[in-house]
Amino acid sequence: MSLVLQTFSSAKDANAALQAPGTRYLGGGTLVVRATNEGDVSTSSLVRVTDPGLSQIAVAGGKVRLGASVTMAAIASHPELAALAPAGRAVGGPAIRNMATVGGNLFAPAPYGDFAVALLALDATVVTEGGETPIETFLAGRDTSRAIVTAVGFSLPTAESFRFLKVSRIKPKGVSVLSIAALLELAADGTVSSARIALGCMADRPIRATAAEKALLGCKLTPREIAPALAAAGEGIAPITDPIASAWYRAEVLPVHLGRLLSN
Amino acid sequence: MAKVPVQFTLNGSEKAEFIESGTTLLNALRDKIGDTSPKGGCHQGTCGACSVIIDGELRLSCLTLAETCNGADIKTTAGLAEGGVLHPLQRAFLDAFATQCGFCTPGMIMAAKVLLDRTPNPSREDVVEALSGNICRCTGYEPIIQAVLVAARANSQNAA
Ligand SMILES: Cc1cc2nc3c(=O)[nH]c(=O)nc-3n(C[C@H](O)[C@H](O)[C@H](O)COP(=O)(O)OP(=O)(O)OC[C@H]3O[C@@H](n4cnc5c(N)ncnc54)[C@H](O)[C@@H]3O)c2cc1C
Ligand code: FES
Ligand code: FES
């Protein structure tokens, strides 16, 4: 294996080095180093940034900013991020969570990317040197993106408004059959006034369930009233097939799990 | 291939080596430094046999590049016994028959050690969670879980 690691103190300097062919950014390395161990010779050089700012979590005035190098373990144990802890804990086992970063999760292909599903439901903003991009746009263009992500930002949800579910076959850890995140606002009468639902494993990257979101508006979270939303959940999905589950199976169980997430 | 210097503390002693850039910590420890306690089961992050403790946190040495560990404090299972006396976790693994082929054992013990360092009296669920990234193909896990619980009890009795 011939692999060269280049270390920079700032994302700005590293961005230039990253433009060279065969060069990839190294986050926690759980996917990149895994690929090079497996014989991926398309990567000849890795670039990393040691700026401690990339590992910072800032929570102020209802806004959260997670540096791109913040790990899943740091999120899961942060006292002010309790609403997000289930999504942080959903990634891998303890050692993976100590290494897996927010930045890397944005690029993780399905069945990975559980935390990015949560970020998509939260309508996060992805920060690079070039500016801020809505996460939906970012995910759509991530295959050709060459810029280093430095942070993600979003409004801190309340524990009641944010729901997250990961379904896996092996407990307590295991790769996703699917994951779902939902940000729901309820009016005083208990009907849904706004809904943002994101799905993992329902495409090669996290996607929104926009038809289900629309169908939920004005509904109470009762089995009868959410039924149309569950029926619409499969619109526009193209689930992955892997050793964990087939696309058919994933599509079949999606409404069941969405129903459980919405009605509990 | 250009060699790069790495320097870190391994089980309390200073180590300095020249390694090829891009070498994983697992390969550096085993092939350069001669600590073969971390095992290479999969090199894919899946089995946990290569688990080590870096600056107090459990990590997979197969997915960690050695160069990123400059200045770090690294602990492996090879450093647990003191003066020929086994660490309580090692003792408990032996007594509970939690080791069969032994390939997973160093990783299991590292994962258990970070758990007990933070949670001296873990519940069974805590133990299952802490070991969830480590695969054992021999024991069926139950003896391992029991060994960690026994070691935890031994710890708390010593402390009392
Ligand atoms: C055993 C195992 C179990 C896993 N289980 C799960 C799971 O349950 N759920 C899950 O979601 N994932 C899982 N993963 C996948 C992975 O660990 C996570 O998705 C993790 O968040 C990836 O982050 P990383 O920092 O390790 O990424 P890296 O491997 O460092 O990088 C991944 C990709 O993202 C790019 N990248 C990383 N950071 C940046 C940045 N700041 N700017 C630009 N590009 C960047 C890299 O260049 C690379 O292409 C698992 C992996 C393993 C090995
Ligand atoms: S060798 Fe590192 S997890 Fe298997
Ligand atoms: S004892 Fe053989 S793999 Fe665990």
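Listed values, structure above:
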{"quantity": "Fewest-first ranking of A:173, A:220, using other Cβ atoms within 10 Å as the exposure measure", "calculated": "A:220, A:173"}
{"quantity": "Top positive-direction residue, dipole computed over segment B:3-79 with Cβ charges, set B:41, B:25, B:58", "calculated": "B:41"}
{"quantity": "Within-14-Å neighbourhood charge of residue B:53 [Cβ basis; K, R +1; D, E -1]", "calculated": "-1"}
{"quantity": "Cα gyration tensor shape of the protein assembly as shown, rounded if a/c is under 1.5, else prolate or oblate by comparing a/b with b/c", "calculated": "oblate"}
{"quantity": "Relative contact order %, chain B, counting alpha carbon pairs below 8 Å whose residues are six or more apart", "calculated": "23 percent"}
{"quantity": "Exposure proxy order (Cβ contacts within 10 Å, fewest to most) of B:76, A:158, A:7, A:144", "calculated": "A:144, A:158, A:7, B:76"}
{"quantity": "Over chain A, relative contact order from alpha-carbon pairs under 8 Å, at least 6 apart, %", "calculated": "14 percent"}
{"quantity": "Charge dipole magnitude, Cβ of K and R +1, D and E -1 - chain A, Cα centre, debye nearest 20", "calculated": "480 debye"}
{"quantity": "Two-site label geometry, residue A:161 and residue B:118: point separation in nm, points 7 Å out along Cα→Cβ", "calculated": "2.9 nm"}
{"quantity": "Residue order, fewest to most surrounding Cβ atoms within 10 angstrom, among A:164, A:154", "calculated": "A:154, A:164"}
{"quantity": "Top positive-direction residue, dipole computed over the protein assembly as shown with Cβ charges, set B:151, A:195, A:131", "calculated": "B:151"}
{"quantity": "Cα→Cβ-extended label distance, 7 Å offset, between residue A:170 and residue A:146, nm", "calculated": "3.8 nm"}
{"quantity": "Cα-centred dipole magnitude for segment A:13-70, charges only on beta-carbon of K, R (+1) and D, E (-1), debye, nearest 20", "calculated": "220 debye"}
{"quantity": "Unit charges on C-beta of K, R, D, E only; dipole of segment B:27-78, Debye", "calculated": "180 debye"}
{"quantity": "Simple label model, 7 Å out from Cα along Cβ direction - residue A:231 to residue B:142, nm", "calculated": "4.9 nm"}
{"quantity": "Rounded to 5, percent antiparallel among DSSP beta bridges of chain A", "calculated": "80 percent"}
{"quantity": "Helical mean residue ellipticity (222 nm; -39500 (n - 2.57) per DSSP H run of 4+; nearest 500) of chain B", "calculated": "-9000 deg cm²/dmol"}
{"quantity": "Per the protein assembly as shown, cysteines lacking a partner by the 4.7 Å Cβ criterion", "calculated": "A:201, A:219, B:69, B:101, B:138"}
{"quantity": "Charge context of residue B:4, other residues only, Cβ under 11 angstrom, K/R +1, D/E -1", "calculated": "-2"}
{"quantity": "Distance violations [Cα-Cα > 26 Å] among A:171/B:39; A:171/B:113; A:166/B:39", "calculated": "A:166/B:39"}
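The numbers here are math on the coordinates, done by the rules we state, and not lab data. Here the structure is a predicted model, which is why all the values come from computation and not from measurement. In this analysis, Cβ positions are derived from the backbone assuming ideal geometry, glycine residues included, and neighbour counts consider all displayed protein chains.
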